[in-house]
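**Student:** Can you keep this structure in mind? I'll have questions shortly.
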Amino acid sequence: MIKEFELNVLPEELVDTETLKKAVARKISVRENLIGDFELLKKSIDARKALITYRIKVQLTVLEPERPSLEKVGEEKEIEVEIEPVVEIVEVEKYQDVHSATPVIVIGAGPAGLFASLKLIQKGFRPIIIERGNSVSERKKDLAQIIRQGEINTESNWCFGEGGAGTFSDGKLFTRSNKRGNISEVLDLFVEHGAEKEIMIDAHPHIGTDRLSAITKNIRQTIETYGGEYHFNTKVIDLIVKDNKIKGVITEKGDKIESEIVVLATGHSARDIYYLFHEKNWALEAKLFAMGVRIEHPQELINQIQYHTPKYSELLPPATYSVAHSTKDKARGVFSFCMCPGGMIIPASTGKEELVVNGMSNSLRNSPFANSGIVVNVKAADAKKFSEFGELAMLKLQEETEKNMFIAADKTMVAPAQRLTDFIKDRKSSALAPSSYLPGLLPSNMSNILPEFISTNLRDAFLHFGKTMKGFITSEANIIGLESRTSSPVRIPRDKDSLQHIQISGLYPCGEGSGYSGGITSSAIDGINIADKIAETYK
Ligand SMILES: Cc1cc2nc3c(=O)[nH]c(=O)nc-3n(C[C@H](O)[C@H](O)[C@H](O)COP(=O)(O)OP(=O)(O)OC[C@H]3O[C@@H](n4cnc5c(N)ncnc54)[C@H](O)[C@@H]3O)c2cc1C
C-alpha cells in the first residue's frame, strides 16, 4: 500500500536515506523491514521553536507482513487486497527537429527567453535567440573586468549575456506566485539540464552560480541540437512594425532579421528598449517597484539569531531570514529582498555612470557573509519631478539614484557603505565592518545619497526588524548602496488573452522586462506560457 506522511525530523535524522527511513518507521510505528519503496518528496526547515527540525513529506510502500502459507494452516482464508492509488504519470513533451520549422525571434537569452525557446522546440517552432551579451564562458571575463578594473562592459555584465540576470545569481528557484503556471515543469527542465534532483524536494530550492553556468550551456546544447539558433553580441535596436504587425527586428550591426512572431524577453535592465517604445509611442505603463540598500551581516550571527542558540547543529544550512514592515502611515512596505545566505555582494550595474549592487552565492553557500536587499516601495508620487517623462518617470528616479550613488563613490565601482548602527544614528562611519564586496567600500552617510523617503523609512524599518530579530541591529553589519533592480519600473502591456502587445500583433512581451514576472522561476514560467500561446495561435 502506498502512503504519504508529513512529519518533523531532526537534522541528524536526515543525513541519508537509511537513517531517515529508520526515523520515519519509528515515528509512524511501522517495522522498518515492512517499508518497501521510500521516497522523500519535500523538505523545509522549521526554525520556529527552540528545537530546529525539518518538516518533510515522504511517500512509502508498507509491505504486507508475511502470512503463513494456506497449505500449512490447512484452511482457506479470505485475503484482504489493498488497491494501490493510481500514480499520475505526466508525459514530458519531446523536443522536435525544428531545423526547417517556422522561425520565432526571441530577444534575450535570460530565463524567460531560454525557457520559451525550449518550449517552442517542443511545440515545433524554431527559436532564433538574439542576445546583446556574450556566451557564458566569455561573460566570465567581463565580470572579472568589473571586479578588477571597475570597468563595466555595457553589453555583457551581471545582467546581460547568456542566461541573463539568472546566470551569475543566487539561483533561488522559488516564486511567491504559483498561480502563473507549472513550477515543477521549470524544475524538471533544470534537472534535465544538470541541476541536482534535490531541487524537486526542497521547499526553497537553490542552485548557485557555479552550477547555473554549466546548466545554461547545456540548455544551449539542447536548443542548437534540435535546430534553434543563437546570435551573441547582437543587440536589437529597433522593431520592424507595419500596420501594427511585427515583421522582424533590426540589430545594432545593421542586420534585419525577419519573422512575424517575436518574443521580447529583454529583462528589467534593458532601458534602451523602454526608451525605444517611448519614442515610437508604442504602449508602455508605469509600474511600482522598490529601492533601497543591501545589508550584510556575518552569516554566523544570522545563524545564531535564526537557530536561537550559538550551539546550533552543524548539519543545518546557513540560515535565511525574511523581514517586512509597513510604514507608520501604512502607505508603503519595507521588506527584505533576495536574501543570500553564505553569499557575496556584487556590482550589478549595466551602464557606465551608475552604481547598483545585488547578491549571489555558490551552490555550497559557504561564504562567511549573509546579505539581503532591504527595499522601500516606490510610488508614482515619489517621481513627480520627472513627470514630463510620463510612464518613464519612476525609471528616471531609479536612474538618478543609481547615478548619485556612483558619484558618491568617486565614480568607480567602489560602493558607498555605512555601518548599520551609524545609519540609524545618522552619522558617517569612520571604518566599516568586513565585507564580501570585492571592488571595495567607501564609508559614507547614506542619508545624504538616498532619496529622503527611502532613508527615513529604512531607518524606521531597521528599528522594527531589530525588535523582531534580536541581534539584527549590530555594528558588525554594513548597509551598501544601491539596491535598485528589484523589478521593472515599467510594464510593456499585453492583451490578457492573446498575450500579444496591446498595439503590435505578433509581438509577445515576456518575462521580467515586460513587468509580468519577477525572479528566475516566474520568468521561466512566463516564457513557457508565451510559447504555449504561440503554438496555440499559429499551429
Ligand atoms: C546578481 C543577481 C542575483 C539574482 N538572484 C536571484 C535569485 O536567487 N532568484 C531569483 O529568482 N532571481 C534572482 N535574480 C533575478 C533574476 O535573475 C531575474 O528575475 C531573471 O533573470 C529575469 O529573467 P528574464 O529572462 O525576464 O530577464 P533577464 O534575465 O534580465 O534576461 C534578459 C536578457 O535580454 C538581453 N537583452 C536585453 N536587451 C537586449 C537587446 N536590446 N537585444 C538583445 N538582447 C537583449 C540581456 O542581455 C539579457 O540576457 C537575480 C538577479 C541578479 C542580477
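The values are calculated or read from the model by the stated rules, or taken from the named source; none is laboratory data. Just so we're clear, the structure is a prediction, and the values are computed from it rather than from any experiment. In this analysis, Cβ positions are derived from the backbone assuming ideal geometry, glycine residues included, and neighbour counts consider all displayed protein chains.
**Student:** For the range 104-122, does any single residue satisfy the condition of being in a loop (DSSP other than H, G, I, E, B) and touching a Leu at 6+ places or on another chain (Cβ under 9 Å)?
**Tutor:** Yes, some residue in the range 104-122 is in a loop (DSSP other than H, G, I, E, B) and touching a Leu at 6+ places or on another chain (Cβ under 9 Å).
Residue by residue, here is whether (1) modelled with pLDDT under 95; (2) over 18 Å from V293 (Cβ atoms); (3) not assigned by TED's automatic domain parsing to the domain that holds L264 holds:
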{"site": "L442", "(1), (2), (3)": "no, no, yes"}
{"site": "I449", "(1), (2), (3)": "no, no, yes"}
{"site": "R459", "(1), (2), (3)": "no, no, yes"}
{"site": "K467", "(1), (2), (3)": "no, yes, yes"}
{"site": "T474", "(1), (2), (3)": "no, no, yes"}
{"site": "L499", "(1), (2), (3)": "no, yes, no"}
{"site": "I504", "(1), (2), (3)": "no, yes, no"}
{"site": "G513", "(1), (2), (3)": "no, yes, no"}
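**Student:** Looking only at the range 351-364, filter to residues that are part of a loop (DSSP other than H, G, I, E, B) and over 9 Å from D170 (Cα atoms); which one of those is farthest from the ligand (Cβ to nearest atom)?
**Tutor:** The qualifying residue farthest from the ligand (Cβ to nearest atom) is E353.
**Student:** Moving on. Test G227 against the stated conditions and say whether it is under 23 Å from the mean Cα position of the chain (by Cα) and of a type in the set (G, A, S).
**Tutor:** For G227, the condition - under 23 Å from the mean Cα position of the chain (by Cα) and of a type in the set (G, A, S) - is not met.
**Student:** Just to verify a result, which residue in the range 195-218, among those that are within 20 Å of K141 (Cβ to Cβ) and of a type in the set (A, V, I, L, M, F, W, C), is nearest to the ligand (Cβ to nearest atom)?
**Tutor:** The selected residue is L212.
**Student:** Next question. Mind telling me which of the residues S117, S169, S156 ends up being under 30 Å from H204 (Cα atoms), more than 9 Å from the ligand (Cβ to nearest atom) and either polar (S, T, N, Q) or in contact with a strand residue (DSSP E or B) (Cβ under 6 Å, 6 or more places away or on another chain) (or both)?
**Tutor:** S117
**Student:** Looking at (1) more than 7 Å from the ligand (Cβ to nearest atom); (2) closer than 30 Å to S259 by Cα, which is the one condition that is false for K141?
**Tutor:** (2)
**Student:** Tell me, which residue of the range 485-510 that is within 11 Å of the ligand (Cβ to nearest atom) and either more than 18 Å from I240 (Cβ to Cβ) or among the polar types (S, T, N, Q) (or both) is surrounded by the most Cβ atoms within 10 Å (Cβ to Cβ)?
**Tutor:** Restricting to residues being within 11 Å of the ligand (Cβ to nearest atom) and either more than 18 Å from I240 (Cβ to Cβ) or among the polar types (S, T, N, Q) (or both), the top hit is C510.
**Student:** Whether any residue in the range 169-179 is hydroxyl-bearing (S, T, Y) and outside any loop (DSSP other than H, G, I, E, B) is what I want to check.
**Tutor:** no
**Student:** Spot the failing condition for L315; the list is (1) at pLDDT below 95; (2) buried (at least 16 other Cβ atoms within 10 Å of the Cβ); (3) among the hydrophobic types (A, V, I, L, M, F, W, C), and only one is missed.
**Tutor:** Answer for L315: the failing condition is (2).
**Student:** In the range 18-61, which residues are surrounded by fewer than 17 Cβ atoms within 10 Å (Cβ to Cβ) and closer than 27 Å to H308 by Cα?
**Tutor:** T19, K27, K42, S44, D46, R48, K49, A50, L51, R55, K57
**Student:** Tell me, which strands (runs of 3 or more DSSP E) wholly within the range 219-337 include 1 or more residues that are within 15 Å of the ligand (Cβ to nearest atom)?
**Tutor:** Passing ranges, in order: 229-231, 236-242, 245-251, 256-258, 262-264, 289-298.
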